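Reading through the structure tokens given below for one structure.
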Amino acid sequence: MSFVFRAKSQHRFRFRFRKLFLSRSFSSSTEFSRFVRFLDENGKERIGAPMHRSGESDGEPTHAQLIEGAAHSLTDRICTISKFLPPLPLLPVPMIFAVGLNYRAHVSETLTDENAQKADWREPSNPIIFGKNPNAIVAHRDDIIIPKVCVDVNPNEPAVDFESELAVIIGRPALDVSEEDALSYVFGYTIANDVSARDWQLRKDLGEGQWIRGKSFNSFCPLGPVTVLPSGFPNGIDNLRISSHLNGEEMQNSSTSQMIFSTAKLISFLSQDTTLLPGTVILTGTPEGVGFVRDPKVFLKPNDTISCEIENIGRLENSVVSKS
């Protein structure tokens with residue numbers, strides 16, 4: 001009975017959370033500009049405003065001020081964050097759209113890779129769009145799992161790579177929206193790691209390059225931990241520092257100002273003759289510094305720690321493990 005009750009309770013919580021995306025009162029709140037989803041010390045799912053901007057202090061989860069009620073009010077109740085959850089439950093995620101080759105320096109660096117040369121990659125005239133399986137979403141500090149099928153095709157060096165990205169969560173149905181109005185459809189912004197199995201993504205002998213397969217394995221979309229509402233960016237999102245660190249060593253360091261297609265342009269482009277439903281996630285592309293174009297190549301290995309950082313949002317960190 002307790003299991004059934006808990007399952008029903010979680011379903012009701014997720015239904016309420018889905019309604020947040022249909023409510024302008026949440027995304028336009030003046031009481032808070034950032035939130036986290038988490039489990040409290042009793043294992044209950046919660047939403048709250050983190051007491052520390054990143055949700056952590058010295059690498060340890062801290063506390064959050066609960067957001068509750070139909071009005072999504074910031075309460076006086078303080079809860080301990082025992083485990084971070086993804087910014088949104090998998091249930092309301094209708095689609096993850098991702099964008100390839102959206103930073104100029106990243107386009108340039110890929111020209112050194114043999115597989116990219118064969119594919120004739122170059123700066124795109126329109127956004128390069130692909131999808132990721134929503135079930136690939138995991139939370140801050142969850143493990144990234146090296147898939148067995150990556151080991152099978154490359155036993156010596158499974159080519160699993162990292163990509164630090166700004167992620168956009170759509171808040172209301174968007175269809176044929178203009179670039180000028182596009183950002184008004186945004187619920188919030190968070191951090192993503194577009195983990196990528198380069199062999200499956202790029203090798204011709206594995207199916208002429210399978211981007212969706214290579215980027216959709218379980219755990220290949222770490223997301224979070226903090227979501228920042230549009231009100232949390234008084235100066236906009238077009239000049240945010242974005243970086244990544246592997247085992248503490250800087251891998252990527254750029255700015256969203258270096259995007260070829262702005263976030264507004266991407267939303268407008270994706271919405272043409274296609275309805276973007278609330279809860280849709282858009283990964284806006286990664287800057288230069290990824291592992292597969294380095295000399296020597298750098299790929300994720302068991303016991304590695306990869307972190308992605310974006311200015312004014314925070315840090316997303318995950319450890320890497322092999323599939324048991």
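Structure data summary
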{"item": "Lone unmet requirement of (1) farther than 30 Å from S29 by Cβ; (2) surrounded by 19 or more Cβ atoms within 10 Å (Cβ to Cβ); (3) not small (G, A, S) for D143", "result": "(2)"}
{"item": "Selection within region 202-238 - among the aliphatic types (A, V, I, L, M) and surrounded by fewer than 23 Cβ atoms within 10 Å (Cβ to Cβ)", "result": "L206, I212, V228, L229"}
{"item": "Any hit, region 194-204, residues being touching a strand residue (DSSP E or B) at 6+ places or on another chain (Cβ under 7 Å) and assigned to a loop (DSSP other than H, G, I, E, B)", "result": "yes"}
{"item": "Leading residue by the ranking (surrounded by the most Cβ atoms within 10 Å (Cβ to Cβ)) among those in region 146-172 that are among the charged types (D, E, K, R) and in a strand (DSSP E or B)", "result": "E165"}
{"item": "Test: residue in region 134-142 that is part of a strand (DSSP E or B) and either at pLDDT 95 or above or more than 13 Å from the chain's Cα centre (by Cα) (or both)", "result": "yes"}
{"item": "Segments classed as strands (runs of 3 or more DSSP E), wholly inside region 33-120, with at least 2 members that are within 30 Å of P296 (Cβ to Cβ) and modelled with pLDDT of 95 or more", "result": "96-100"}
{"item": "Given (1) in contact with a strand residue (DSSP E or B) (Cβ under 9 Å, 6 or more places away or on another chain); (2) touching a residue at least 12 places away in the same chain (Cβ under 8 Å); (3) not in a strand (DSSP E or B), number of the condition T30 does not satisfy", "result": "(1)"}
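The values are calculated or read from the model by the stated rules, or taken from the named source; none is laboratory data. What you see is a predicted model; the values in this text were computed from it and never measured. In this analysis, Cβ positions are derived from the backbone assuming ideal geometry, glycine residues included, and neighbour counts consider all displayed protein chains.
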